[in-house]
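Okay, structure first, notes after.
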Amino acid sequence: MVVRGLQAVSKAQNGVGAFILQCKRLEFNYCEMSGSSRGMKAFLKTRLATFAKENPGVEIVVSPRPKKHPIIRGSYINKREKVVCVRNLEVLQVLQKAELLRDASGDKIKKINKPVQSLNDSVRGIWSPYHAKGEDVYKV
Amino acid sequence: MRRVSRSTWDSLAVPRRCVCGNPIRLNDLLSSSFSTSSSSSSSSSLPSSVSTSSPSRPSSIPTIRSPSSLRPRASRPFSTSSPLAVIPSLLPTQSAKLAALHGRLGLPNKYPLATLGRALIDPTAEPEHHLNNDGLSNLGNVLLGYYASEYLMVQYPRLPYEILKTAMNGYIGPNALAAVGTEWGVEAAFAPGATVDPGLLQFNRVAPGTPLYKIQGGVGFNIPRKRNKMVPNFENNPSVDAELAAETPEMKAAREAQRPGQDATTLQLAMSSFVRAAVAGVYLHNGGLSATKEFVHAHVLSRKLDVDKLFQFEQPTRELSRLCVREGFQQPIARLEKETGRYSRHAVFIVGVYSGEEKLGEGQGSSLPEAKIKAAISALKGWYLYSPVSGVDLPSKTDENPLAKFMPAVIDVGDVVS
C-alpha cells in the first residue's frame, strides 16, 4: 500500500514569472557598393547603436554580403531563423523590420482561433450529462 | 554541395566572418562605444569600424579589439579581473553571446560576465576547480532545493514523501533544469577548447554507445535503436545486466574505484549544472537570498507542473479505508449514483465514495470496480492535494528579516503508512 510517483517535467510558461525574449541574435548583412543597401547602411551608422543598447538580450552581428541585397536574419530560441530582405528600404523601415524580427517568437506563422491558450485545465469543467439536472441536461 | 547549417557553424564556434576574414561583433563595439563619456568619439567609431571592414582593409580588427574595449563601464558589467584559462583567445567580456545571455536573463550589472562565463564551463571541459562551475553548481543545487522544497511543502502540506520527491524532480531535476537552460537560449559548443566563444556551454561529450550507468547521474542503459525503430539491437548491445554479470571481480573493483563522470557528460547534465551555477551566481552577486528567491521563483517555480498527475496508487480503496481509520472518519462506502447502459457495450457508472453523510470523492468508469477505484483515487487526491487558500508564508520570508510577520503552514502527520 504505497503511493508511487510518476516522473514528469515542468513545462515552460514564458511570461509567467520571467519573460525571455525569443530572439537570440540579429544579423545585419549589407553590400558596400549597391544602392539597395543605402538605407541599411544609414541604419547601421545612425540607428543600430541605439537599437543594440535598447535590446541587451539580443546578440547583434554586422557583416557585409557583397553583390547581394541587404538582409536581416533573426535566430530564435526554438532553433528557427527568420530572414527579411530590406532592399531599397529607408532607415525607419529597416528599423521596423528589425523590431519585427526582434519581437517575433520564431514560430511559423499560424492562425490562432482560440482567444485563450493555456496549459491549465478549464475552470468551468467539462459538461457531464450525469450531473446536470432537469432541463439543464440538454444545455451544453 | 549540402549547405552547412548556421547552427552547425555556431556550435563549431566559428565566428561569422566578413570578407576580410575578421569577425565583427557589434556588442564588442558597443562595449567600448558606451563606456566612456566622450560620446563624440565613440559614436563615430562604430560606423567607421563597420563600414571600413571592407576587403581592402584586413587590418580593421585591431581597432575593434583595442584595449579600450575592455575597459569597465557603468552601464553594463563588462569588468573582469580573472580571465579564464580555458579560453585564452577571447575574454568573457568580449563575447557578444555571453553579453546577450546576460541581458536576456535580465541580470543586473552587479552580476559579472566572468561568473556567467564560468558557469558555462563544465568540469569535464576544465578540470581546474577554480575555473569550472563545479562549486557554483553545488551551491546552486542547495539553493534550488531549499526554495523548491519549501514552496512545495507549503503549497501541498499533505503531499506523500514519494510524490514530494517526484515533484521536486519535476521542478529542479536534471531534465527540468536542462529545459530551463535550453529555453534561456544557451547553446553548447561542439567540443571544449581555446577557440570556443565564452558564451557557449563547454563540456566533453560522451562517446556514442557509452552505457549510461558509467556517466555521473546517469541511470539505466542506452540501447541504440536500429534505424530509428523501436527495436533494440541486442546482438551488439547486451543489456546492462548481461554486461554487469560478465565482468570479473577485478573489473568490478576497477569500475567502482573509478569516479564516474570525470571525463565526459551529457548535454542534459551539463546544461542543468549550468543553470544551477547561474542561480549560485545570483546568490553571490545580486544581493543574497532574497534576490535568489525571486530568481528561482521567476525562472523555475513559475513553470507548470501538474502535481495531481504524479500519483500512482497501488491499492487506493484500501489506502482510503486506512486513512479514514487514522483520521477517525466513518468507514468509506461506495455508492452507485448514476448509471446508463448497464447491458450495452458502453456502460457508464458514476460511483461516489461516502464517509457517513460526507461525500469524499466521485469516479466514473465503464465497470463498477473501475468507477469505485476512481472514486477512491479522487478522494485520496482530495486529501493529499490540500492546499491552503492564502495567507500562508514561505519559511524563507524570515531569511532577510527575522522579525517579519510570519504565518506558518499546516504541518501534516504524513502519508498513510501501514
Given the criterion of a type in the set (A, V, I, L, M, F, W, C) and surrounded by fewer than 16 Cβ atoms within 10 Å (Cβ to Cβ), identify the matching residue among A:26, A:21, A:6. A:6
Kindly check whether there is at least one residue in the stretch A:1-21 that is farther than 25 Å from residue B:179 by Cβ, in contact with a helix residue (DSSP H, G or I) (Cβ under 7 Å, 6 or more places away or on another chain), more than 9 Å from chain B (Cβ to nearest Cβ) and part of a loop (DSSP other than H, G, I, E, B). no
Tally up the residues in the stretch A:78-92 that are buried (at least 16 other Cβ atoms within 10 Å of the Cβ) and either away from chain B (no Cβ under 14 Å) or within 17 Å of residue A:67 (Cβ to Cβ) (or both), please. 4
Kindly check whether there is at least one residue in the stretch B:371-386 that is part of a loop (DSSP other than H, G, I, E, B) and either surrounded by 15 or more Cβ atoms within 10 Å (Cβ to Cβ) or modelled with pLDDT under 95 (or both). yes
Considering only the stretch B:281-318, state which residues are at the interface with another protein chain (Cβ under 7 Å from one of its Cβ atoms), touching a residue at least 60 places away in the same chain (Cβ under 8 Å), part of a helix (DSSP H, G or I) and surrounded by fewer than 21 Cβ atoms within 10 Å (Cβ to Cβ). B:297
From the option list B:124, B:115, B:93, single residue qualifying as β-branched (Val, Ile, Thr) and assigned to a loop (DSSP other than H, G, I, E, B) is B:124
Quick check, is residue B:186 of a type in the set (Val, Ile, Thr), assigned to a loop (DSSP other than H, G, I, E, B), more than 12 Å from every other protein chain (Cβ to nearest Cβ) and in contact (Cβ under 8 Å) with a residue 60 or more places away in the chain? no
Only one of A:125, A:74, A:39 is crowded, with 18+ Cβ neighbours inside 10 Å and over 15 Å from the mean Cα position of the chain (by Cα); which? A:39
If a residue must be under 25 Å from residue B:322 (Cβ atoms) and surrounded by 14 or more Cβ atoms within 10 Å (Cβ to Cβ), how many such residues does the stretch B:388-400 contain? 0
Which numbered condition residue B:146 fails, given (1) out of contact with any Ser or Thr (no Cβ under 9 Å at 6 or more places or on another chain); (2) surrounded by fewer than 21 Cβ atoms within 10 Å (Cβ to Cβ): (1)
Considering residues of the stretch A:22-36 that are charged (D, E, K, R) and either more than 20 Å from residue A:69 (Cα to Cα) or within 22 Å of the chain's Cα centre (by Cα) (or both) only, the residue nearest to the other protein chains (Cβ to nearest Cβ): A:24
Matching option when the condition is acidic (Asp, Glu) and either in contact with a helix residue (DSSP H, G or I) (Cβ under 7 Å, 6 or more places away or on another chain) or within 14 Å of chain B (Cβ to nearest Cβ) (or both), among A:121, A:136: A:121
Name the single residue that is nearest to residue B:264 (Cα to Cα) among those in the stretch B:123-150 being of a type in the set (A, V, I, L, M, F, W, C) and within 14 Å of chain A (Cβ to nearest Cβ). B:144
Regarding the stretch B:393-408, can at least one residue be identified that is within 14 Å of chain A (Cβ to nearest Cβ) and part of a helix (DSSP H, G or I)? no
Taking the stretch A:39-90 and keeping only residues that are among the charged types (D, E, K, R), over 20 Å from residue B:100 (Cβ atoms) and in a loop (DSSP other than H, G, I, E, B), one is left with A:65, A:67, A:68, A:87, A:90
Which condition does residue A:71 not pass, out of (1) away from every other protein chain (no Cβ under 14 Å); (2) closer than 28 Å to residue B:199 by Cα; (3) in contact (Cβ under 8 Å) with a residue 24 or more places away in the chain, if it passes all the others? (1)
Are there any pairs, at least 6 apart or on different chains, whose C-beta atoms fall under 6 Å, with the first in the stretch A:97-120 and assigned to a helix (DSSP H, G or I) and the second surrounded by 12 or more Cβ atoms within 10 Å (Cβ to Cβ) and charged (D, E, K, R), and if so, which? A:101/A:82
Among the residues in the stretch B:101-122, are any out of contact with any Cys (no Cβ under 9 Å at 6 or more places or on another chain), within 12 Å of chain A (Cβ to nearest Cβ) and on the phi > 0 side of the Ramachandran plot? yes
Give the stretch B:108-150 a look and list any residue that's more than 15 Å from the chain's Cα centre (by Cα) and of a type in the set (Val, Ile, Thr), or say none. B:115, B:121, B:124
Could you list all residues from the stretch B:264-297 that are of a type in the set (Lys, Arg) and within 14 Å of residue B:179 (Cβ to Cβ)? B:276
For a quick check of your reading of the model, give me the residue pairs whose first member lies in the stretch B:151-177 and is at the interface with another protein chain (Cβ under 10 Å from one of its Cβ atoms) and over 18 Å from residue B:384 (Cα atoms), whose second is surrounded by 24 or more Cβ atoms within 10 Å (Cβ to Cβ) and β-branched (Val, Ile, Thr), with beta-carbon atoms closer than 7 Å and at least 6 apart or on different chains. B:177/B:275
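The values are calculated or read from the model by the stated rules, or taken from the named source; none is laboratory data. Predicted model, so just to flag it, every value in this text is computed and none were measured. Quick reminder, even Gly has a Cβ in these numbers, built from the backbone with ideal geometry, and neighbours come from all protein chains shown.
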